[in-house]
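Step one of this worksheet: look at the structure below.
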Amino acid sequence: MKLTRRELTAAALLTSALPAVPAWAQRGETVRIALIDPQSGLMGPVGINQLRSFQFFAEKFSGAGNPAGVRFEIEGFDNKLSASETLTAMQAAIGRGIRFISQGNSSGIAGAIIEAVNRHNSRNPGQEVVFLNHSAVDPDLTNSRCSFWHFRFDADTSMKMEALTTFIRGEPTIRRVFLINQNYAHGHQVARFAKEMLARKRPDIQIVGEDLHPLAQVRDFAPYVAKIMASGADSVITGNWGSDLTLLIRAANDAGYRGRFFTYYAGVTGTPTALGTASEGRVYQIAYNHYNMGGQMQTWMNEFRQRFNDDFYTGSIIHILNALGVAMQNARSTNAVRVAHAMSGLRFNSFSGPVEMRRADHQLQQPLFLTRWQRVDAQHPYSPENTGMTLALVRRFDAYVASTPTSCAMQRPAAPV
């Protein structure tokens, strides 16, 4: 049978369309993500906020909210801030068929997940899982301990310190600095990079004291504040988060300390209330987002607060869901291996503009923002925890300013054909 020219043209169009079918084969498919973080204990409020955040944005980014058209579903697991509980939860999640794991509260736990994921994937071909790190910022995780299966969507400790010390370099009134941090990987790295970068950029600054304390165990920081005040420090640099920052700030205010605090996590649950009006103009945060970004981000934050009577602050969750949607479209699959290859080196637009998941180490390259605690005003209207205060933008750092080199020698599995 001979085909007419019109029939041949129609057949050619149909044939040319066929390769596009796999791109939408997963449209409507459910992609499950296990969030393994503390939901009880002193750090429980942070983990609960992040679980709500993941679930809220899973709704926003599902279906028509992502180019692959998949539906995101979040399952929360309480790891009680314990590595052993985390690994038990991870095995339970894998047993349920979940192939995407997210965690972020504790770099020590993140390191344990990386090792467990590497081991699982090497032993279980065809059942690989991917680790989506939302907040664990120890630089070693994307350097000496880097893994193809691990993707970090927060800026690491060295990146934040690079931006922070760039600001401090131009502040001549800062002369005496005290370092106080949690006694685990993240806290050690904050202290290390603060000393290294200040020595390079402001060698005249004195480190007048350094202290490490147990993670999520200290309830009275008055003795630590007494050391800070006795040292004559005009500024404090801390990577503390959760109750360890809330209680530190509260103790400093109670003791009448009037120096500046340079933090990573002043906007996290409980800390804004502890800051109150007593910390006005003295507390800074370096982060990849802030409370007054405007646009769609502001709309989402207002809606989140209205629904949960809580504040959204873990913007890396948006990065994660955004990247997954784009990667799944590019991979034409929700298979973990294919998605991991598609995310490696992925460039996509997020709330802060264009960002890139650096292929060499899977560290997201993104702008950073330095903010300062002050009263709300017309330009900075968002008030966390209904304090009447906010973190107002002081300076934006482009991604290249905060970017730091990597020593990662990544072992990559073969890309699926």
On alpha-carbon atoms, Rg over Rh for region 184-289 using Kirkwood Rh? 0.93
FRET E, pair Arg123, Glu59, Förster distance 35 Å, beta-carbon r, rounded to 0.05: 0.50
q = 0.06, 0.07, 0.08, 0.11 Å⁻¹, the chain: log10 I(q)/I(0) [Debye, one scatterer per Cα]: -0.26, -0.34, -0.44, -0.80
In terms of Cα to Cα distance under 19 Å, which lysines are near enough to Lys160, apart from those fewer than 8 places away along the same chain? Lys195, Lys201
Summing +1 per Lys or Arg and -1 per Asp or Glu among the other residues with Cβ less than 11 Å from Gly47's Cβ gives 0
Rg over Rh [alpha-carbon atoms, Kirkwood Rh] for region 72-144: 0.94
Note to self: C-alpha centroids of region 181-217 and region 129-167 sit apart, in Å, by 17
Pick out, from Ile114, Tyr265, Leu81, the residue whose Cα sits farthest towards the positive end of the charge dipole of the chain, with +1 on the Cβ of Lys and Arg and -1 on the Cβ of Asp and Glu. Ile114
Of Val70, Val355, Val394, the one that fluctuates the most in a GNM where the chain has Cα springs shorter than 10 Å: Val394
Nitroxide proxy distance, nm - points 7 Å out along Cα→Cβ at Ala199 and Gln379: 3.8
Less than 14 Å from a label point 7 Å out along the Cα-to-Cβ axis of Leu393: which backbone N atoms in region 331-365 qualify, by residue? 351-354
Longest to shortest principal axis, alpha-carbon extents of region 340-417, angstrom: 55, 25, 19
With N set to the number of residues, divide the alpha-carbon radius of gyration of region 43-97 by 2.2 N^0.38 Å and report two decimals. 1.33
Counting other beta carbons within 10 Å of each residue's own, what order do Thr86, Thr273 fall into, fewest first? Thr273, Thr86
Highest-MSF residue in the chain out of Phe131, Phe312, Phe193 [GNM, Cα springs under 10 Å]: Phe193
May I ask for the Rg/Rh ratio of region 261-381, computed from Cα atoms with Rh as the Kirkwood radius, given to two decimals? 1.04
Calculate, axis by axis, the spread of Cα positions in region 111-265 along the three principal axes, and write the results as whole Å, longest axis first. 58, 35, 18
Bin all alpha-carbon pair distances of region 114-155 at 10 Å intervals from 0 and give each bin's fraction as a whole percent. 29, 53, 17, 0
Where nothing but the Cβ of Lys and Arg (+1) and of Asp and Glu (-1) is charged, how large is the charge dipole of the chain around its Cα centre, in debye to the nearest 20? 1040
Pick out, in residue order, every one of the trypsin sites (Lys or Arg not before Pro) in region 356-416 that is DSSP loop and has at most 14 other C-beta atoms within 10 Å; say none if there are none. Arg359
Restricting the count to DSSP beta bridges whose residues both fall in the chain, what percent are antiparallel, rounded to a multiple of 5? 35
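Bear in mind that the values in this text are calculations on the coordinates, not laboratory data. Everything numeric in this text was worked out from a predicted model, so none of it was measured. Cβ atoms come from the backbone with ideal geometry, glycine included; neighbour counts cover every protein chain shown.
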